[in-house]
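A.B. asks: Here it is, the structure, as structure tokens.
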Amino acid sequence: MGQKTVTRADLAESVYSSVGLSRTESAKLVERVLDLMSDALVKGEAVKLSSFGSFHVRSKSLRIGRNPKTGEEVPILPRRVLVFKPSNVLKTKINKSMVGTVK
């Protein structure tokens, strides 16, 4: 199974071929959308893309971890993490693509 990473350039090229904007305008549009999404997430707002999924930031509190090599306890500092929850439409699409590929 060949794995490919979708890049900003791929998204801009797709917008260019689908919408008909110039390549420069398409790249600016993709950048603007990603900027708006990241700005909203930094503010702690959720970002929902219909039929795709939602992104939100979750706060994790201080906890004690353990170094697996030495067994030494180490504090893991509080932090915020990005969480993605796929929509049921996306889950269904992914699972339908698996039908017939399982051996």
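A.B. asks: Can you find even one residue in segment 26-44 that is small (Gly, Ala, Ser), modelled with pLDDT under 95 and under 22 Å from Val83 (Cβ atoms)?
C.D. replies: Scanning segment 26-44, I find at least one residue that is small (Gly, Ala, Ser), modelled with pLDDT under 95 and under 22 Å from Val83 (Cβ atoms), so the answer is yes.
A.B. asks: Of everything in segment 69-100 that's basic (Lys, Arg) and under 30 Å from Lys43 (Cα atoms), which residue is surrounded by the fewest Cβ atoms within 10 Å (Cβ to Cβ)?
C.D. replies: Only one residue tops the list, namely Arg79.
A.B. asks: Another question, then. Given the criterion loosely packed, with under 13 Cβ neighbours inside 10 Å, more than 26 Å from Lys91 (Cα to Cα) and either among the charged types (D, E, K, R) or in contact (Cβ under 8 Å) with a residue 40 or more places away in the chain (or both), identify the matching residue among Arg23, Arg63.
C.D. replies: Exactly one of Arg23, Arg63 is loosely packed, with under 13 Cβ neighbours inside 10 Å, more than 26 Å from Lys91 (Cα to Cα) and either among the charged types (D, E, K, R) or in contact (Cβ under 8 Å) with a residue 40 or more places away in the chain (or both), namely Arg63.
A.B. asks: Another question, then. Of all residues in segment 50-103, which are farther than 22 Å from Asp39 by Cβ and in a strand (DSSP E or B)?
C.D. replies: Within segment 50-103, Arg63, Ile64, Gly65, Arg66, Glu73, Val74, Pro75, Ile76, Pro86 qualify.
A.B. asks: Going by the structure shown, is Glu45 surrounded by 10 or more Cβ atoms within 10 Å (Cβ to Cβ) and outside any loop (DSSP other than H, G, I, E, B)?
C.D. replies: no
A.B. asks: Restrict the check to segment 26-38 and report whether at least one residue is assigned to a helix (DSSP H, G or I), under 27 Å from Thr92 (Cα atoms), of a type in the set (S, T, N, Q) and without any contact (Cβ under 8 Å) to a residue 24 or more places away in the chain.
C.D. replies: There is at least one residue in segment 26-38 that is assigned to a helix (DSSP H, G or I), under 27 Å from Thr92 (Cα atoms), of a type in the set (S, T, N, Q) and without any contact (Cβ under 8 Å) to a residue 24 or more places away in the chain.
A.B. asks: Among the residues that make up segment 16-27, is at least one of them touching a strand residue (DSSP E or B) at 6+ places or on another chain (Cβ under 7 Å) and among the aliphatic types (A, V, I, L, M)?
C.D. replies: No, the conditions are met nowhere in segment 16-27.
The values are calculated or read from the model by the stated rules, or taken from the named source; none is laboratory data. In this text the structure is predicted, and so the values were computed from the model without any measurement. Here Cβ is always computed from backbone atoms with ideal geometry, including for glycine, and neighbour counts include all displayed protein chains.
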